[in-house]
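To start, the structure itself, in structure tokens.
The values are calculated or read from the model by the stated rules, or taken from the named source; none is laboratory data. Everything numeric here is computed off the predicted structure, so don't read it as measured data. Note: ideal-geometry Cβ built from the backbone for every residue, glycine included; neighbour counts use all protein chains shown. Surface accessibility is based on the protein's heavy atoms, side chains included, excluding ligands, DNA and RNA. Shrake-Rupley method; radii C 1.70, N 1.55, O 1.52, S 1.80 Å.
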Amino acid sequence: MFKKILALPTLLFVALLSCSSGDSGSDNTPDTTQLNVVINAEIVGTASQMPNGNGSGLVKFNISPNNATSYKVVFGDGETIETTTGIFTHTYSSSGTKTYEVEVTAFNGLKYFNSTKSIVVFVTTSEIWGDEFDADGAPNSSKWGYDLGAGGWGNNEPQYYTNRAENVIVQGGVLKIITKKESYLGSNYTSARLLTKGKFSFKYGKVEFRAKMPSGGGTWPALWMLGDNISTVGWPACGEIDIMEHLGNQLNKIYGTLHYPDHSGGSSDGSTTVISNATTEFHLYSVDWRADYIKFYVDNQLFKTFVNSASIPFNQNFFLIINCAIGGDFGGSIDPTFVSSIFEVDYVRVYN
């Protein structure tokens, strides 16, 4: 009984002491700490004749004060970093002279402080990957792999994709994908589908294919790209950019299409243009893919502009695909007299 009576005044004393400390302590004292965040940006190679840099796209940043606990930096080109130092570099890769809004959020251990700065950077156009198909034989195995097999590939197509020379070969400076009517491992047609998955992928840039379409009702050649993360998120969450599709049943009509969640299959976002001599002459099929837009061209003539944004899956690495299907849901009915056709690609070039 005595111990309980003694404990009561002791607890009251501690409580009173705590209240007294809180009244004069930091818990109720307004935090007036301020950071005046300044973004210093040095565009490498700047000179009187090159006011926006030497074309390398390299920018040296020095954020002051540089003793904050952490920094989050949005570079304005779709790239973001989090760092504990205020001194770092960033290389812009989009070719041309472009304005970027750089935003820095600094954390000093108590509060977050923001600052923005506009910079204008010049980047020279350069090829970052390509294949000229100038060595006869099988396609370069360091650049291309294959999808093999049958099963319709999601579109009820009847062909079997192989890597045989009968279906895919480099000859006379061009890649040839040969679609044939033949009985092969349970399928009635064969063709080929090449892809750079696991060998090359990229984020943003310009892609050019110089190609001549195959002829014949039912043929369905395509030059396109898929998101690198397809194995983990599936389709259409990975995103799909169809740079060019042509149907033998719709001669000379060129499709440019994007597939992504809520806009895939029959609900995809696409446009078309009509050209001449698609199956008898080579034409240039290209896409200019940026953080803010995706533009589709044939022979450098723009026919579709798509507004890109961070909410859709076109801001990650993609790989390239070249194939020729036949028939199926999109290719349509196959000409009963069809025997074979050749889809020819002169080159593929990817620019920054």
Problem set entry | Which listed pairs, of 180/253; 253/304; 199/295; 143/203; 72/197; 199/304, have C-alpha distances above 20 Å, in listed order | 180/253; 199/295; 72/197; 199/304
Problem set entry | Protection proxy ranking of 317-325, 67-75, 44-52, 338-346 - average other beta-carbon atoms within 10 Å, highest first | 317-325, 338-346, 67-75, 44-52
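Quick check: residue separation of residue 281 and residue 83 times 0.36 nm, minus the Cα distance between them. What number comes out in nm?
66.1 nm
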Problem set entry | Unit Cα scatterers, Debye sum, the range 103-213: log10 I(q)/I(0) for q = 0.14, 0.16, 0.24 Å⁻¹ | -0.72, -0.86, -1.35
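Round to a whole number: what % of the accessible area of the chain belongs to carbon and sulfur, probe 1.4 Å? Present the calculation step by step, with values, prior to reporting the outcome.
Values: 8780 of 17120 Å².
Using a 1.4 Å probe with all protein chains present, the chain comes out at 51 percent carbon and sulfur.
Could you state the accessible area per residue of the chain in Å², with a 1.4 Å probe and every protein chain left in place? Before the final figure, lay out the partial values.
Numbers: 17120 Å² over 352 residues.
With the other protein chains kept in place, the chain gives 49 Å² per residue.
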Seminar exercise, completed: In Å, the C-alpha Rg and Dmax of the chain are 29.3, 109
Exercise. Which stretch or stretches of the range 247-288 have amide N atoms under 14 Å from the point lying 7 Å from residue 311's Cα along the Cα→Cβ direction?
Worked result: 261-263
Problem set entry | Calculated over the range 51-155: convex hull of Cα atoms, volume per residue (Å³) | 213
Exercise. At 222 nm, what helix-only mean residue ellipticity would the chain give, in deg cm²/dmol to the nearest 500, using -39500 (n - 2.57) for each DSSP H run of four or more?
Worked result: -2500 deg cm²/dmol
Problem set entry | Residue-by-residue Karplus 3J(HN,Hα) for the range 149-163, coefficients 6.51, -1.76, 1.60, Hz, glycine and proline x | x, 10, x, x, 6, x, 10, 6, 7, x, 7, 10, 7, 10, 10
Problem set entry | Dipole of the range 91-141 [Lys/Arg +1, Asp/Glu -1 at C-beta], most positive-end residue of 137, 107, 123 | 107
Seminar exercise, completed: Packing-ranked peptide list from 80-91, 204-215, highest mean Cβ count within 10 angstrom first, is 204-215, 80-91
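About the Cα centre of the chain, how large is the charge dipole given +1 on each Lys and Arg Cβ and -1 on each Asp and Glu Cβ? Please answer in debye to the nearest 20. Can you show the working numbers first?
Working: 24 positive and 33 negative charges, 131 e Å.
The calculated dipole for the chain is roughly 640 debye.
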Seminar exercise, completed: Rg/Rh of the range 74-125 (Cα atoms, Kirkwood Rh), to two decimals, equals 1.03
